Amino acid sequence: MDNHKLFVGNMAARITQRDLWRFFSLYGLIDECAKFHESYAFIRYVHADDAKRARQETHGAMLKGRKLKVEFAANLNRSNSSSATDQQIR
């Protein structure tokens with residue numbers, strides 16, 4: 001499991017990659033910060049402990065008027081694949 005990478009969702013459209021870098025770098029060294037869409041991004045930390053702390057302290061935090069959804073990216077993938085499996089069974 002990649003416990004260095006976070007999914008950041010429910011972002012305000014006006015949040016820039018620079019805003020994300022500044023906000024999330026408060027919790028440790030960032031290896032990669034990629035905003036793929038106006039409402040979500042991925043942040044990869046150098047150290048897994050920093051990612052864990054960032055997730056704990058930023059999930060539900062307000063940034064530019066929106067409450068962020070922050071999850072480990074690996075957990076997001078796992079929950080999406082199990083949802084697909086559940087739907088196939090029904």
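The values are calculated or read from the model by the stated rules, or taken from the named source; none is laboratory data. Quick caveat, the model's predicted, so the values are computed rather than measured. Every residue, glycine as well, gets a Cβ built from its backbone with ideal geometry; the counts of neighbours run over all protein chains shown.
How many residues does the stretch 44-54 contain that are outside any helix (DSSP H, G or I) and under 18 Å from Lys64 (Cα atoms)?
Final tally of qualifying residues: 0.
Would you call Ala61 modelled with pLDDT of 95 or more and in contact with a helix residue (DSSP H, G or I) (Cβ under 6 Å, 6 or more places away or on another chain)?
In short, no.
I'm checking my understanding of the structure. Among residues of the stretch 16-36 that are of a type in the set (A, V, I, L, M, F, W, C) and modelled with pLDDT of 95 or more, which one is surrounded by the fewest Cβ atoms within 10 Å (Cβ to Cβ)?
Filtering the stretch 16-36 for residues that are of a type in the set (A, V, I, L, M, F, W, C) and modelled with pLDDT of 95 or more, the one surrounded by the fewest Cβ atoms within 10 Å (Cβ to Cβ) comes out as Leu29.
Do we have Asp19 as more than 16 Å from Glu71 (Cβ to Cβ) and in a helix (DSSP H, G or I) here?
yes
Only residues that are farther than 16 Å from Arg14 by Cβ and among the hydrophobic types (A, V, I, L, M, F, W, C): list them for the stretch 37-73, please.
Listed by number, the residues that qualify are Phe42, Ile43, Val46, Ala48, Ala51, Ala54, Ala61, Val70, Phe72, Ala73.
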